[in-house]
Amino acid sequence: MKNYNTISIIGTQWGDEGKGKVVHYLSRDADYIVRYQGGNNAGHTVVFDNKEYILHLIPSGILEHKKCVIANGVVVDPEALYNEIQFLKLKGFKVTKENLFISDRAHVILPYHKYLDVVREKTQKIGTTQKGIGPCYADKYSRSGIRICDYLEEDTFISLLKKNIDEKYPLIKNFVSISRESLIKQIVQHQRKYSKFLKPFVTDTTNLLINVIEKGYVVLFESAQGTMLDVDFGSYPYVTSSNPIVGGISIGTGLPPKYIKKVIGITKAYTTRVGEGPFPTEIKSQLQEFLRNQGNEYGATTGRPRRCGWFDSVVVRHAIKINSIDELVLTKLDCLKGINPLKICIAYKYKGKLYYDFPSSRKIQSLAKPVYISTTGFNEELSNITEYKKLPKNVKRYIELIEHYCGTKIKMFSLGRERNKTIIR
Ligand code: IMP
């Protein structure tokens with residue numbers, strides 16, 4: 001069978017594993033970088049030439065002047081995309097129809113999705129980013145969604161919009177202070193502005209990707225969020241509304257599975273999550289605040305403080321299995337400096353039974369107690385170390401324990417935000 005040069009970069013925890021930096025690092029050797037799910041709920045932080053960039057929709061490969069694809073599985077907020085492109089242009093990056101390709105089948109996030117996100121959050125309490133992601137995917141699956149190809153046709157758009165507003169206005173009218181007619185008028189005005197700007201970028205991205213992969217180009221798939229936020233395999237219902245796992249690539253791009261080759265899992269050296277939901281290894285003492293400050297653990301999209309906890313090998317093993325991960329990248333090891341001892345969760349315990357696999361039951365997820373092993377911490381500054389063999393003994397021991405309990409080799413270490421603070425093993 002023909003080999004294809006594709007690499008999938010997958011988050012193994014609850015998102016925020018540091019995928020932005022790794023994708024940026026690996027995109028040097030890639031030709032195309034593809035987003036296949038999620039929307040501007042994501043926040044990928046990249047430090048480049050001493051400047052920080054936070055990207056929400058466009059893959060960080062754009063900073064390396066690579067070709068970027070927003071595939072059909074992504075939900076696109078035209079205003080957010082417009083703002084991101086303006087931001088990149090202001091910073092001197094070229095974004096044109098030659099290097100950004102947006103699927104005509106991707107669904108569009110409209111203002112009423114954001115209102116509904118806020119309204120639903122009052123009862124659901126998921127802790128969403130309030131960007132309209134869930135309501136937009138809900139419309140996709142209830143077949144009332146508006147795709148980019150519909151958005152570009154004004155008559156199709158207006159008739160779909162009216163139907164949607166008829167259905168949703170009663171739900172949002174206590175939240176928005178404008179009439180149904182004014183809301184429609186406002187959205188149509190937006191559509192006129194943003195459809196003109198979007199049009200040149202829109203294409204059949206499935207055809208494009210099959211074509212370039214068959215020709216041997218290197219294509220990188222960049223997941224947003226992480227395996228534990230996957231709507232099927234995460235900590236349901238405290239998840240996002242898409243499939244960040246490797247299986248999501250096929251649906252989210254239209255590429256048959258034969259094209260999905262190497263899979264790299266991104267793992268933070270400890271665990272974090274934003275929003276509500278079970279988090280078995282969450283640290284309940286002041287150490288949580290210490291770790292949050294060392295790791296600067298604040299949401300890149302919402303600024304919310306991230307919840308912090310110990311490394312959870314139950315979670316990472318689950319991700320390795322579900323995504324068939326070939327190798328791991330371990331990020332933010334340097335942020336564990338000064339914590340002693342370091343703990344690693346190796347299983348959960350609930351009602352006397354040990355769980356080595358992540359349980360599906362929301363009750364067990366929230367009541368299970370982690371079983372830990374401990375190892376001695378380190379006080380050395382790691383960020384200037386450039387060779388694996390120069391890492392302190394206790395750091396190597398921590399790494400070996402993670403590899404042992406996850407059953408997978410770690411091939412790359414990120415020890416700081418800048419690109420050069422990386423060790424390849
Ligand atoms: P939504 O994706 O905005 O619907 O939010 C659903 C859940 O996913 C919430 O717990 C969010 O905090 C979480 N979430 C969404 N995007 C990200 C991300 O990029 N990093 C970490 N958590 C995220």
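Since every read-out is calculated from the coordinates, none of them should be taken as a lab result. None of these values were measured; they are calculated from a predicted model. Counting neighbours? That spans all protein chains shown, and the Cβs are built from the backbone with ideal geometry, glycine included.
Okay, here's what the table says:
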read-out: Sum of side-chain charges, His113 neighbourhood, beta-carbon under 13 Å (Lys, Arg +1; Asp, Glu -1); value: -1
read-out: Dimensionless Rg/Rh of region 267-424 - Kirkwood Rh, Rg from C-alpha atoms; value: 0.95
read-out: Percent RCO, i.e. relative contact order, over region 194-301, from Cα pairs under 8 Å lying at least 6 residues apart; value: 17 percent
read-out: Overall form of region 1-86 per C-alpha gyration tensor (a/c, 1.5; a/b vs b/c); value: rounded
read-out: Theoretical ellipticity at 222 nm over the chain - DSSP helices of four or more residues, -39500 (n - 2.57) apiece, nearest 500; value: -10000 deg cm²/dmol
read-out: The chain: angle of helix 180-198 to the longest principal axis, Cα-based, in degrees nearest 10; value: 70 degrees
read-out: Dipole magnitude (debye, nearest 20) for region 107-198, charges at Cβ of Lys, Arg, Asp, Glu; value: 240 debye
read-out: Packing rank of 226-237, 357-368, where each peptide gets the mean count of other beta carbons within 10 Å, highest leading; value: 226-237, 357-368
read-out: Charge dipole of the chain about the Cα centre (unit charges at C-beta), most positive-ward option of Gly38, Tyr350, Tyr115; value: Tyr350
read-out: Of Lys349/Lys421; Lys21/Lys262; Lys91/Lys337; Lys94/Lys268; Lys284/Lys353, pairs whose Cα-Cα distance is over 27 Å; value: Lys349/Lys421; Lys91/Lys337; Lys94/Lys268
read-out: Protection proxy ranking of 242-252, 23-33, 398-408 - average other beta-carbon atoms within 10 Å, highest first; value: 242-252, 23-33, 398-408
read-out: Computed over the chain: relative contact order in percent, which uses C-alpha pairs under 8 Å that are six or more apart; value: 20 percent
read-out: Tensor-based shape of the chain (alpha-carbon gyration tensor, a/c under 1.5 rounded, otherwise prolate or oblate); value: prolate
read-out: Net charge of Cβ neighbours under 12 Å - reference Asp334; Lys, Arg +1; Asp, Glu -1; value: +2
read-out: Acute angle (nearest 10 degrees) that the helix 393-406 long axis makes with the longest principal axis of the chain, alpha-carbon atoms; value: 60 degrees
read-out: Most to least packed among 259-271, 147-159 [average Cβ atoms within 10 Å]; value: 259-271, 147-159
